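Here, each number is a calculation from the coordinates, and none is a lab measurement. Please read all numbers here as calculations on a predicted model, not as lab measurements. Cβ atoms come from the backbone with ideal geometry, glycine included; neighbour counts cover every protein chain shown.
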Amino acid sequence: MATVTFDHMVKRYPGDVLAVNDLNLEINDGEFLVLVGPSGCGKTTALRCVAGLEEISDGRLLIGDRVVNDVPAKDRNIAMVFQSYALYPHMSVYDNLAFGLKLRKTPKDEIKRRVADAGKILGLDQLLDRKPKALSGGQRQRVALGRAIVREPSVFLMDEPLSNLDAKLRVETRANIARLHQRLGATTVYATHDQVEAMTMGDRIAVMRDGLLQQVGTPQDLYDHPQNVFVAGFIGSPAMNFATAAISDGGLMMGSQKLGTSERLSDLIRGRAQGSNVLLGFRPEHLDLVDTGDAALRIPAKVDVVEYLGNEELLHAQMEGAEIVALVPSDRKVEAGQEVEFTVPADKLQMFDPETEKSLMN
């Protein structure tokens, strides 16, 4: 296996379009790193640069200790799984798995061994004689993964491999990929726009926006300590709520509502100008309808939509100056049109500078 290092890497397209801007990131040997962000953020371009499918405009890209800027894709010892399965329809599963090895003139006994190993790992043993048209979507994706495994590469690259699957198969295949990584211990770079995939699969997550790296860390780090508004709003489902509050007499005012303050909150706003604004962030799952002890916020609101989810309810509510979403246990039995008061624990509140959008919690 090998490390992958982006050293001030830039990818520029004609017309001075910056797809990836000064990317600095080291992916450790055996790590599963997820590149995540909205469409057009540069994650797939960065992945394609590693694969050798895109030329690097500036900076360096290293696989292990080797600079590969000018190394052809076929000589990088990487394997890539695409969004489409890209299987040969006229070939059996066995021949699809073996095709790349045959092109490299791998000995027949070695091909049989590798295909058998991949088939066992992915549960394809009984499907080796079938053609792709006789397979389900999940089985086809496993064949695509198997084709990468038989290569025994230094680095696996995966570009949104689950996007063509239905919800149930996505969950199932997500778990299969996680198990596969644990078994093989291979360095894996996985690009997706789905933050749920990122949170559940990655050892670390690299969040990108407009070609720029926003934050890198473990799923827990990004959830608990987002460095800016974009990361805070992108990581977590449902998305974080945001509301503007003004500093007044050492406390905070949200509209006409005086907010309860904790020692931690008081420390954060101390020294900031009277009347200046801060942007508060609080996650739907951290809102509650009962007193939770050291409540940093008490927010009166009117519920207008209730979405029943079984053991939980998603409440859409209107407060002064903002719309918020809360995720509460269904035994609260809230109804549309009901006036409620939400509370937010002090240790769950986030605060951002409204101009720079950077966190004030660090």
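Below are the figures for this structure:
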item: Under the Karplus curve 6.51 cos²θ - 1.76 cosθ + 1.60, θ = phi - 60°, whole-Hz ³J(HN,Hα) for the range 77-88, x wherever Gly or Pro sits; result: 6, 10, 10, 10, 10, 9, 4, 8, 6, 6, 8, 7
item: Choice from Q141, Q350, Q274 with maximal GNM fluctuation in the chain (Cα, 10 Å cutoff); result: Q274
item: 3J(HN,Hα) from dihedral phi, the range 98-107, Karplus parametrisation 6.51/-1.76/1.60, rounded to Hz, x for glycine, proline; result: 8, 4, x, 5, 5, 4, 8, 6, 5, x
item: Among Y190, Y223, Y308: highest mean-square fluctuation, GNM of the chain, C-alpha pairs under 10 Å; result: Y308
item: Ordering of 99-110, 208-219 by burial proxy (mean other Cβ atoms within 10 Å per residue, highest first); result: 208-219, 99-110
item: The chain, helix-only ellipticity at 222 nm - DSSP H runs n ≥ 4, -39,500 (n - 2.57), divided by all residues, nearest 500; result: -7500 deg cm²/dmol
item: FRET efficiency estimate (nearest 0.05) - Cβ-Cβ, A178 to E323, R0 45 angstrom; result: 0.80
item: Mean Cα-pair separation over length for the range 53-211, i.e. relative contact order, pairs under 8 Å, 6 or more apart, %; result: 26
item: Whole-Hz couplings from phi, Karplus 6.51/-1.76/1.60, listed for the range 197-207; x for Gly and Pro; result: 4, 4, 5, 8, 10, x, 5, 9, 10, 10, 8
item: Percentage relative contact order, the chain, counting C-alpha pairs under 8 Å, at least six apart; result: 16
item: Interchain or long-range residues, amide H under 5 Å from L287's placed H; result: L327
item: Amide H contacts of A191 (H built 1.01 Å from N, under 5 Å, at least 5 apart or other chain); result: L35, M158, D159, E160
item: Qualifying aspartates and glutamates (Cα of each under 15 Å from Cα of K258; at least 8 residues distant if same chain); result: D249, E320, E341
item: Selection from M201, L135, V81 lying farthest towards where the dipole of the range 4-234 points positive, charges on Cβ; result: L135
item: Amide H contacts of A2 (H built 1.01 Å from N, under 5 Å, at least 5 apart or other chain); result: G30, T187
item: Alpha carbon centroid spacing (whole Å) that separates the range 1-31 from the range 269-334; result: 39
item: Percent antiparallel among DSSP beta bridges (both partners in the chain, rounded to 5); result: 75
